[in-house]
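Here's the structure we're looking at; comments come further down.
What follows is calculated from the coordinates using simple rules that are stated; it is not laboratory data. For clarity, every value in this text was computed on a predicted model and none was experimentally measured. Cβ sites come from the backbone with ideal geometry, for glycine too, and all protein chains shown count toward neighbours.
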Ligand code: AGP
């Protein structure tokens, strides 16, 4: 995923474009660049590294009236200046920034004998524009787009047209709005000062000038762009008193769970679903990526336990290629914080084509996924900026929990819905009570870390392990504790530490067998347990008591998860790393 901005309007300082782009740094931060007309000349300034490096190359008070900017997360071509956007065609006529992936770029490069400085698909497109001799710029862009396969949000400048920004979209998000000083374009409407903004449909192209916006379909028929109102504008993120977004966002978890409980009344759910969505449903299938997949696993666990309906979670990146059977009586739930993850979107589109029922569970109601489904469940996490998902994961789990109870009622079971929801509020309190100082003192200094658990604790371990590796860069694996003896024990040694989650007394014995298996291979163990005195400590075995008194077993994972998020955060800080911008990752991944 990459961040894109554009501006055309009254003369302005280049700092406005720079800081607009800075807001999108969460979308990618391994290189960035701006291209603009400053009244006399055209300029293109690029840098590898994060945007602070770009800043040193710019005169922020320099004036401009038309410009584009890009912050990159490399998916196509290495992180080098030649691959940094904007990319420029050989003669310098076309300047282009791109979010997405052109699947047939190599084929086009060969066919049109295109030479490039770097090795991105985007540079091939800029040069392909140059190969088109006939027609206006708009027609050339239309012709080029018709030859491309894949996904794109392009902003394009033509060196000879300094009062116009061309725009093209397929699958990747791109929005624009009218502000007092001029027109703004961005891959995320959080950049816009106004609540009202517009988007294009797939395969649309167009241009934006100081006083004009023109959007066309693929046949160059003029069409009206789609209008949106940004609902969460006031909540847009800043770090407040915290050093990192991640810490701030973890700390917001209890208040967000409270918000979910307040919003998710039975009436509210009835309005969303309109009719009994469970009628004739035989299988609930949940699809997502990364943390969203993990929350889906927890959702499937809740459904199986409470509804006795077969339920499974699937990784979106695998779903399409694993020859899954889709039946009419399947109910699909797509989970995504951003609502923009390409793998999940593709599955959603496929499932909809097959006519199955779909629900989207997302944090961004304006997202592509939300627009694709008639049933959308907001997770009310508020903006999540840090790359590592924290409060959004917990909110997804909380919404799954509430949904389970609602479904249970739909199936005719007598339950006190409000009372069930209250259990979430108790969990929120326990999360607020977590002892940060104690967690900060748990320093994990070893070559490899294993996160282990059984049942729902295994799901928590999956999420804990992902979070830990994502921001500490320590090699971390997750394994169901019972599976250790089927292979993973081979890599347990005195350079490893195993963190075991234990929230169920019933499973205590089996978990303790695992502890024994590890320590007899010289591995060190830390058991994070909801029960005191269950684990015998020794020079190899430590134990941490997580106070879950008064919690239902279904809400305990929330407390364990937030514990794991703090643990990852503090260990990341201890290693002098930036948790908000982990290497090689971006907040949402808009390429398959
Ligand atoms: C979580 O910490 C990750 N950064 C990542 O796994 C994320 O959950 C995944 O990419 C899915 O994103 P989405 O929820 O926006 O679809």
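State the antiparallel share, in %, of DSSP beta bridges confined to the chain, rounding to the nearest 5.
60
Per 0.36 nm of contour for each residue apart, how much would the distance between residue 60 and residue 516 grow if the chain were fully extended, relative to their Cα-Cα spacing?
So the chain would gain 158.1 nm between residue 60 and residue 516.
For all pairs of alpha-carbon atoms in region 486-592, what percent lies in each bin of width 5 Å, listed from the first bin to the last filled one?
2, 10, 17, 17, 17, 16, 12, 7, 2, 0
Would you mind calculating the gained length between residue 134 and residue 43 on full extension (0.36 nm times residue separation, minus the Cα-Cα distance), in nm to one decimal?
30.1 nm
Dividing the alpha-carbon Rg of region 491-532 by 2.2 N^0.38 Å yields what?
For region 491-532, the normalised Cα radius of gyration is 1.15.
For a quick check: sort 403, 96, 34 by the number of other beta carbons within 10 angstrom, fewest at the front.
Lowest to highest Cβ neighbour count: 403, 34, 96.
So how far, in whole Å, is the C-alpha centre of region 113-138 from the one of region 253-281?
A separation of 49 Å, based on Cα centres.
So what is the 222 nm mean residue ellipticity for the chain from helices alone, if each DSSP H run of at least 4 adds -39500 (n - 2.57) and you divide by all residues, rounding to the nearest 500 deg cm²/dmol?
Using -39500 (n - 2.57) per qualifying helix, the result is -10000 deg cm²/dmol.
Once each part is reduced to its C-alpha centroid, what is the distance from region 423-453 to region 1-70 in angstrom?
Cα centroid to Cα centroid, the span is 40 Å.
So, in Å, what gap is there between the alpha-carbon centers of region 145-200 and region 363-383?
Each part's Cα centre sits 22 Å from the other's.
PRE reach from residue 577 (point 7 Å along Cα→Cβ): which of region 490-531 fall under 20 Å by backbone N?
Counting backbone N atoms under 20 Å from the label point, the list is 495-500, 526.
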